[in-house]
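**Q** Submitted below is the structure of interest, expressed as structure tokens.
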Amino acid sequence: MVDKDLRERYRREDIAHMLHGATVPKEFANSANRIFAEGHGVKLIDIDGKEYIDAMSSGFCACLGYGNQELAEVAKQQMTKLHCAMSFLNRASLPEIDLARKLTEVTPDGIERFMFANSGSDANETIIKIVRWYWREQGQNRYKIISVQNSYHGATYGAVSASTFPGLTRHKNFEPFLEGFVQIASPYCYRCPFGKSYPGCDIDCAEDLEKVIQKEGEGTVGAFLSEPVGSSPGNLIPVPEYWPKIMKICKKHNILLIIDEYITGFGRMGKFFASEYWGIKPDIIMFAKGLASGYLPIACVGITKEVYEGMTKTNAPFPHVYTYGGHPVSCAVALKSVEILQRENLIEKAARTGVYIKERLSHIQEQSPYVGDVRGFGLFFCIELVADRPTRKPFDPAKKVSAAVRDRVLEKGVMVGVLGPNNANIMLAPPLIIERNELDRVLDGLEWGIRNFKP
């Protein structure tokens, strides 16, 4: 625990000097921020000495938990050996090449070249440029990118323009957004945008891609961008027929398929990549949060041989660089992180643990009239809260029901998340290293919070 006088100083200086995103200014001014001082295993410790099990992995990042000595030692060794190196103008570093080689082993079939970035947002900026560069190298003006309603692909302007996730980054004060981005309906079976029920729905959410391509004009559409699972809108798990239909439509119209695994990559859902559940074969893939388990900033874009050959058709250099892209320390730590995931069989463990979580959450659903739906697998789950389960009537967003449940759970020393349209969902995404007794504490706290919730 930090000394009392020092705690108060940090609180004052936080208020005086910090600009925090996604933070209500008046709450911040009243010193509502929680300031953390340490992290060990799956726990965070704030400056008051209170411990919390972090069941959100610091925004889906800390797959290997906190205080991993192996990762810290690798970072130290690389910093003293080569702490910085450019990854452009015919330059590279050994850790960057080693990581790229390793990624060819674990990414979906066909992905064989990689460009490193610093976050999912700027990785998706890279992808937007790749798509437009690729098609113009072919002499075609296919500049449009189709994405999915309520999706989130990052906070930079191109990434925001490809997103429609409400409230977090796509705000009217940021308008106008960039042109060339259109959306299709999301595969949200619990609240089908077409008012239908599976399996008698004809998978209209996938067929919507065909309709939008026809409307926009095939010759203008360069790519379809989507997560394999709709993370931010509430862990939307598509039905088995969805992705085969999407891939067929992309192939029919010769448009690039981009898969954004910024959250779902590196074991979060019980596979290295969630794409594996549906046999998705992307032309371009992006991943970020779990790559280095949050120990250093790094993200990555992977492309196929065909995309690379298309990009280099005229032998013009791709004019896109990041100063810290391919940072040798970040790459060294990411490589070790992947090694630990495999050595400790943490991805297989996540798959098994997901079965247990689903059983516990289904029991909570049976006991509470306010749990409408439970979605997920591996170590990524969503609970959608509703005012009336038979009719699926949502709560009034002004009541901030999910936030109220989250705060009750926090009383038990457990940190869960709130996401989705109208913030209707409670999210669970604990570190992959979590043990059964720690997980039971998370689920017990969640059950207590929901059971004692009074709307």
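**Q** In the range 70-343, what % of DSSP beta bridges are antiparallel (nearest 5)? Before the final figure, lay out each step's value.
**A** Numbers: 11 of 27 bridges.
Given both bridge residues lie in the range 70-343, the antiparallel proportion sits at roughly 40 percent.
**Q** How would you order 442-452, 418-428 from highest to lowest mean count of nearby Cβ atoms within 10 Å?
**A** Values: 442-452: 18.5, 418-428: 22.3.
Packing order, densest peptide first, comes out as 418-428, 442-452.
**Q** Additional query: Residue separation times 0.36 nm, minus the C-alpha to C-alpha distance between residue 348 and residue 50: what's the value?
**A** Details: separation 298, 0.36 × 298 = 107.28 nm, distance 3.18 nm.
Full extension from residue 348 to residue 50 adds 104.1 nm.
**Q** Go through the range 97-187 and name the GluC sites (Glu not before Pro) that are in a DSSP coil and have 10 or fewer other Cβ atoms within 10 Å of their Cβ. All intermediate terms of the calculation are to be shown ahead of the outcome.
**A** Working: sites: 105, 112, 125, 137, 179; in loops: 179.
When the GluC sites (Glu not before Pro) of the range 97-187 are filtered for loop state and at most 10 Cβ neighbours within 10 Å, 179 remain.
**Q** Please report 379, 361 as a ranked list, fewest other C-beta atoms within 10 angstrom at the top and most at the bottom. Walk me through the numbers on the way to the answer.
**A** Values: 379 28, 361 23.
Ordered from fewest to most neighbouring Cβ atoms within 10 Å, 379, 361 come out as 361, 379.
**Q** Now a separate question. Can you list which of the chymotrypsin sites (Phe, Trp or Tyr not before Pro) found in the range 230-317 are DSSP loop residues with at most 16 other C-beta atoms within 10 Å? Please report the intermediate quantities before stating the final value.
**A** Working: sites: 242, 262, 266, 272, 273, 277, 278, 287, 295, 308; in loops: 262, 266, 272, 273, 295.
Here no loop site has a sparse enough neighbourhood.
**Q** Straight-line reach from residue 76: which lysines have a Cα under 25 Å away, not including same-chain ones fewer than 8 places off?
**A** 43, 102, 289, 336
**Q** Near residue 416, within a Cβ-to-Cβ distance under 11 Å, what is the net charge of the other residues, with Lys and Arg +1 and Asp and Glu -1?
**A** Neighbourhood net charge equals +1.
**Q** Run the simple label-point estimate for residue 196 and residue 410 please: 7 Å along Cα→C-beta, distance reported in nm.
**A** So the label points at residue 196 and residue 410 sit 4.2 nm apart.
**Q** Run down the lysines and flag those whose C-alpha is under 25 Å from the C-alpha of residue 454, throwing out any fewer than 8 positions away in its chain.
**A** 358, 393, 399, 400, 412
**Q** Using the number of other C-beta atoms within 10 angstrom as an exposure proxy, rank 221, 106 with the fewest first.
**A** Values: 221 27, 106 16.
Ordered by Cβ neighbours within 10 Å, fewest first: 106, 221.
**Q** For the range 230-246, in order, what is each residue's ³J(HN,Hα) by Karplus, 6.51 cos²θ - 1.76 cosθ + 1.60 with θ = phi - 60°, in whole Hz (x at glycine and Pro)?
**A** Whole-Hz 3J(HN,Hα) from phi for the range 230-246: x, 5, 4, x, x, 6, 6, 8, x, 6, x, 7, 5, 5, x, 5, 4.
**Q** Ranked highest first by the average count of other Cβ atoms within 10 Å around their residues, in what order do 224-236, 197-209 fall? Mind showing how you got there, number by number?
**A** Numbers: 224-236: 25.7, 197-209: 16.6.
Going by the mean number of other Cβ atoms within 10 Å, highest first, we get 224-236, 197-209.
**Q** Now, a different point. Run the quick spin-label model on residue 387 and residue 358: label points 7 Å from Cα toward the beta carbon, then report their separation in nm to one decimal.
**A** 3.2 nm
**Q** Can I ask one more? Using a cut-off of 11 Å between beta-carbons, work out the net charge of the residues near residue 193 (Lys and Arg +1, Asp and Glu -1, residue 193 not included).
**A** On the way: positive: 191, 196; negative: 204, 208.
Summing Lys/Arg as +1 and Asp/Glu as -1 gives 0.
Taken together, the values in this text are just the output of simple stated rules run on the coordinates, not laboratory data. For clarity, every value in this text was computed on a predicted model and none was experimentally measured. Counting neighbours? That spans all protein chains shown, and the Cβs are built from the backbone with ideal geometry, glycine included.
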